[in-house]
Amino acid sequence: MSRPYNFSAGPATLPYEVLQQAQAELLDWQNSGMCVMEMSHRGREFVSIASQAEADLRELLAIPAHYKVLFLQGGASAQFAAIPMNLLRDNTQADYLNTGIWSKKAIDEAKRHCQVNVVASAESSRYTALPARSEWKCNPNAAYFHYTPNETINGLEISNVPDVGNVPVVADMSSTLLSRPIDVNQFGLIYAGAQKNIGPSGITVVIVREDLIGQAKAHLPQVLDYKVQADNDSMINTPPTYAWYIAGLVFKWLKAQGGLAAMAVRNQRKAALLYDYIDQSGFYHNPVQKEVRSWMNVPFTLAREELEKPFLKEAEQAGLLTLAGHRSVGGMRASIYNAMPESGVVALVDFMKDFAARHG
Ligand code: PMP
């Protein structure tokens, strides 16, 4: 493989084999005479692509039959609004855990729809530590509890699903879904924008327990109504067909890699390699408490801020792309999703060692 390694947080690098297959099928998908982009979403070819993608995702995550799988538009951000609009029913209250910039955005949007109770906030630690469960102020009457298992910008990841009693758990898994096995039964709803671990931007996966849908307020736009979408196989209008197809290729790729258990082993190893080096370098620093460090997004700073520009420039020359941190926090960030091979992390660590030796 001769491409550089791309550490973008999203849209992010895709598996090389997936891109090759898309290239091979670009002009003529399986003797259909059409590119997938040119197919009617109601034609038998695309319907088979769409349903196979759902079947493969169900297999990868062992999604029980009483959960609906939806492929929607508007990104995870549209779900920030769709979730309260669908799940509140007659309730007016929802619980949210604030662990970072994406939790905060979900909270701000939900406030337009309901009374938001922030059960705990990691803001005082600048989103580097998770408040102890004993300090959370949960509301047993909340319509749902929302959290962000992986904060893409801050690099804080919660690996255990919080126990909030009978309140349905809603998780923004945009930057962690498919990185390891999960028990879908522990959730009322899981959602994820695709552009990290699933495929290209433009499509959003929603996995929702059937009994939670179908009682949304009448004014809810139909495209946002989970029940309407579920009843129409996520095709009440034209879906993002090409993004759906690529996601399907990624699911097949994940199965060929050995599924999510195999990905988890690989992802943990990749993350450990990078964090271990950062911690012992004396030159780079990651501020997040060890127990909640993300496997997917690794933010770090350099010994001196003025070295950031040369670091990024030299990294790019060494074939290591998109290492700048999010514009809101600065520093560096290496996103190492499923499609980032271990060789990419090794190359990054080697470069970091060399850079530190020259500038330390
Ligand atoms: N949640 C998380 C955790 C994210 O990382 C992102 C995007 N980076 C979003 C939500 C927003 O996603 P979208 O751009 O698809 O609306």
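The values are calculated or read from the model by the stated rules, or taken from the named source; none is laboratory data. It should be emphasised that the depicted structure is a prediction, and the values quoted were computed from it without experimental measurement. Quick reminder, even Gly has a Cβ in these numbers, built from the backbone with ideal geometry, and neighbours come from all protein chains shown.
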Fill in the blank from the handout: Scanning the stretch 184-201 residue by residue, the ones that are more than 13 Å from A9 (Cα to Cα), more than 9 Å from the ligand (Cβ to nearest atom) and in contact (Cβ under 8 Å) with a residue 40 or more places away in the chain total 4
Problem - Single condition S51 does not satisfy, out of (1) over 29 Å from R327 (Cβ atoms); (2) within 16 Å of the ligand (Cβ to nearest atom); (3) surrounded by fewer than 16 Cβ atoms within 10 Å (Cβ to Cβ) - result: (2)
Practice task
Quickly run through the stretch 140-179 and pick out the residues that are under 16 Å from the mean Cα position of the chain (by Cα) and more than 20 Å from A62 (Cα to Cα).
Solution key: H146, Y147, T148, N150, E151, T152, I153, N154, G155, L156, E157, I158
Fill in the blank from the handout: V265 vs (1) at pLDDT 95 or above; (2) touching a helix residue (DSSP H, G or I) at 6+ places or on another chain (Cβ under 8 Å); (3) surrounded by fewer than 20 Cβ atoms within 10 Å (Cβ to Cβ): all pass except (2)
Fill in the blank from the handout: Among (1) in contact with a Gly (Cβ under 8 Å, 6 or more places away or on another chain); (2) not in a loop (DSSP other than H, G, I, E, B), G10 falls short only on (2)
Handout entry: Residue under evaluation L178, criteria (1) without any contact (Cβ under 8 Å) to a residue 40 or more places away in the chain; (2) at positive phi; (3) crowded, with 20+ Cβ neighbours inside 10 Å, criterion not met
Key = (1)
Fill in the blank from the handout: Residues of the stretch 202-214 being in contact (Cβ under 8 Å) with a residue 40 or more places away in the chain, of a type outside the set (A, V, I, L, M) and more than 10 Å from the ligand (Cβ to nearest atom), in sequence order, are R209, E210, D211
Practice task
Determine if the stretch 230-238 includes at least one residue that is outside any helix (DSSP H, G or I), closer than 23 Å to P181 by Cα and either in contact (Cβ under 8 Å) with a residue 12 or more places away in the chain or touching an Asp or Glu at 6+ places or on another chain (Cβ under 6 Å) (or both).
Solution key: no
Exercise for the section: Six or more apart or on different chains, Cβ under 9 Å: which pairs go from a residue in the stretch 64-84 that's away from the ligand (no atom under 15 Å from the Cβ) to one that's in a helix (DSSP H, G or I) and of a type in the set (V, I, T)? Could you list them? Expected result: P64/V184; Y67/V184
Handout entry: Only listed residue being of a type outside the set (A, V, I, L, M, F, W, C) and in contact with a His (Cβ under 9 Å, 6 or more places away or on another chain), chosen from D183, D211
Key = D211
Problem - Exclusive hit being surrounded by fewer than 17 Cβ atoms within 10 Å (Cβ to Cβ) and closer than 22 Å to A55 by Cβ, set G202, G258 - result: G258
Practice task
Working only within the stretch 3-15, note down all residues that are surrounded by fewer than 17 Cβ atoms within 10 Å (Cβ to Cβ) and within 19 Å of the chain's Cα centre (by Cα).
Solution key: P11
Handout entry: Per-region count, the stretch 138-164, residues assigned to a strand (DSSP E or B) and within 16 Å of the ligand (Cβ to nearest atom)
Key = 6
Problem - Selection count where residues are touching a strand residue (DSSP E or B) at 6+ places or on another chain (Cβ under 6 Å), free of Cβ contacts under 8 Å to residues at least 60 places away in the same chain, buried (at least 20 other Cβ atoms within 10 Å of the Cβ) and over 23 Å from A324 (Cα atoms), scope the stretch 121-168 - result: 4
Fill in the blank from the handout: Within the stretch 16-35, the residues that are part of a helix (DSSP H, G or I) and either within 25 Å of the chain's Cα centre (by Cα) or among the polar types (S, T, N, Q) (or both) are Y16, E17, V18, L19, Q20, Q21, A22, Q23, Q30, N31
Practice task
Kindly indicate which of L57, L27 is in contact (Cβ under 8 Å) with a residue 24 or more places away in the chain and either more than 16 Å from the ligand (Cβ to nearest atom) or crowded, with 18+ Cβ neighbours inside 10 Å (or both).
Solution key: L57
Completion exercise
How many residues of the stretch 35-49 are closer than 16 Å to E25 by Cβ and of a type in the set (S, T, N, Q)? The answer is 1
